[in-house]
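The values are calculated or read from the model by the stated rules, or taken from the named source; none is laboratory data. As the structure is a computational prediction, the values presented were derived from the model and not from experiment. Here Cβ is always computed from backbone atoms with ideal geometry, including for glycine, and neighbour counts include all displayed protein chains. Side chains included, ligands, DNA and RNA excluded: accessible areas come from the protein's heavy atoms. Shrake-Rupley method; radii C 1.70, N 1.55, O 1.52, S 1.80 Å.
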Amino acid sequence: MTKHKFSSRWAFIIACVGSAVGMANVWGFPYKLGTNGGGAFLLIYVFFVALFSYVGLSAEYAIGRRAKTGTLGSYEYAWKSRGLGAIGKVIGWLPLAGSMCIAVGYAVIIAYVLKALVQAIDGSLMSENTDTWFNSFALAPYSVVPYHCIIVAGTLLTLFFGAKSIEKTNKIMMPLFFVLFAILAVRVATLQGAAGGYAFLFGADFTKLADPMVWISAMGQAFFSLSITGSGMIVYGAYLSKDEDVVSAAKNTALFDTLAAMVAALVMIPAVFAYGMDPAAGPKLLFVTLPKILQDMAGGRIFAVILFTAVIFGGISSLQNMFEVVAESLMHKFPRLSRAFTLALLCAICLGAGLGMEAISSWGPWMDFVSIYIIPIGAVIGAISWFWVIKRNEILDEINLGAERVRGKLWYDIGRFVYVPLALLLCIIALSMHISF
């Protein structure tokens, strides 16, 4: 494993926030918040974010640091503690495959965003019929090839020096993500009719608390927004200093991820309400609805550049983690592989698989399949491995290494008897109801 480490707790947290912040924050969270009771949904969401970060996220950080490696090595380490290392060597491939499969589809979405940014910069987007413009590439094969290649190759280049380059790029991208979205939120607040969006977001309908599906929606959003997938966050834990408190780091990651989701909501939903459009548009919210709004807005071209720049930063920081976890695991499994060769191999795999699915009719079902089947199963495998397989003293020793205060039976029991069953419940719901969280 690489000897590179994050230079500080905040460098680590920024990188982890970058991994967690993504498209779900931009178009998923705002609509779920508004349609599921506003402030009532937010209370449930914050509860689950606090719970999952306290045990699930901190456990993934801890096992990576304990095993001194990423996904494949961590599963082998956990199961080996019970004399079942052979099983650990095998099952770790599923959550790892989830990271790679998501990266393939995710890169296509960010390529769409890069195309939008380029056309916002040259001004051509501001005179387009946004429905026709979106359909021109979203419904066509091989429609964003140059942008796709730039995103994949460019992201992989930012990983060349491991934790060191991840840290440096995220120190730029993540602060700018928050600043740019904050600028947009202030501008949107001045739009006539924006108040309806705030009422949609924060008007607390507490009758929704009686609806089990609202709880399931909030729990799923919290779980996967934190990237607790049994893979991605493990590798960042492997790059964390022994002097750091992993539970405290997990809490800070959760805090900033939630702030990112909220600032995105404060841009998306009030803007949509100000112009009387559909807040449930999904990908079209970003590529059709918002560009249409920006065309009518004074200074819209500048704000379009700001919007798509911020989204690219959030997307690339997430894609970095997906690639890094696979790269590190391959180099751990096959020590003779150089980082340069491994990154080139990932570039070839991602583009080889992704260029043929640039139409939304291809990457949409692909992302649904991975999100419904591979990711939830991988997350459950991880949860069981950290709280039912690895010996209790092993995980608690690592949790308490560098800790500001000692965690013991309570932390472990919450993980074992609350977190694991909830992860299993989400998996069962995803598989049986074909729900992508």
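Checked against (1) small (Gly, Ala, Ser); (2) outside any helix (DSSP H, G or I); (3) open to solvent by less than 10 Å² (accessible area, probe 1.4 Å), Ala254 meets all criteria but (2). Based on this model, can you work out whether Leu290 counts as part of a loop (DSSP other than H, G, I, E, B) and free of Cβ contacts under 8 Å to residues at least 24 places away in the same chain? Judged against the criteria, Leu290 is not a match. Of the numbered criteria (1) in contact with a Pro (Cβ under 8 Å, 6 or more places away or on another chain); (2) open to solvent by 10 Å² or more (accessible area, probe 1.4 Å); (3) closer than 30 Å to Gly402 by Cα, the one Thr71 fails is (2). Assess whether Ser318 counts as being part of a helix (DSSP H, G or I), open to solvent by 20 Å² or more (accessible area, probe 1.4 Å) and of a type outside the set (Phe, Trp, Tyr). Considered against the rule, which asks whether it is part of a helix (DSSP H, G or I), open to solvent by 20 Å² or more (accessible area, probe 1.4 Å) and of a type outside the set (Phe, Trp, Tyr), Ser318 comes out as no. Consider region 34-58 and keep the residues that are farther than 26 Å from Ala249 by Cβ and not polar (S, T, N, Q). The one that is surrounded by the fewest Cβ atoms within 10 Å (Cβ to Cβ) is Gly39.
For every residue, the table says whether it meets (1) under 21 Å from the mean Cα position of the chain (by Cα); (2) modelled with pLDDT of 95 or more; (3) of a type in the set (A, V, I, L, M).
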{"site": "Leu285", "(1), (2), (3)": "yes, no, yes"}
{"site": "Ala298", "(1), (2), (3)": "no, no, yes"}
{"site": "Ile306", "(1), (2), (3)": "yes, yes, yes"}
{"site": "Gly314", "(1), (2), (3)": "yes, no, no"}
{"site": "Val326", "(1), (2), (3)": "yes, yes, yes"}
{"site": "Leu330", "(1), (2), (3)": "no, yes, yes"}
{"site": "Met367", "(1), (2), (3)": "yes, no, yes"}
{"site": "Val380", "(1), (2), (3)": "yes, yes, yes"}
{"site": "Phe387", "(1), (2), (3)": "no, yes, no"}
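With respect to the conditions (1) open to solvent by 30 Å² or more (accessible area, probe 1.4 Å); (2) part of a helix (DSSP H, G or I); (3) in contact with a Phe, Trp or Tyr (Cβ under 9 Å, 6 or more places away or on another chain); (4) within 23 Å of Ala222 (Cα to Cα), Ala280 falls short on a single one, namely (2). Answer with yes or no whether Ala249 is open to solvent by 20 Å² or more (accessible area, probe 1.4 Å) and either in contact with a strand residue (DSSP E or B) (Cβ under 9 Å, 6 or more places away or on another chain) or more than 14 Å from Asn25 (Cβ to Cβ) (or both). Criteria not met by Ala249.
The residues listed here are Ser329, Ser338; of these, the one that is among the hydroxyl-bearing types (Ser, Thr, Tyr) and open to solvent by 50 Å² or more (accessible area, probe 1.4 Å) is Ser338. Being open to solvent by 10 Å² or more (accessible area, probe 1.4 Å), at pLDDT below 85 and either closer than 19 Å to Phe202 by Cα or within 14 Å of the chain's Cα centre (by Cα) (or both) is a property that does not hold for Thr2. Of the set (1) open to solvent by less than 60 Å² (accessible area, probe 1.4 Å); (2) under 24 Å from the mean Cα position of the chain (by Cα), all apply to Gly402 but (2). Can you say whether Tyr31 is part of a helix (DSSP H, G or I) and within 28 Å of Val326 (Cβ to Cβ), as far as the supplied structure shows? In short, no.
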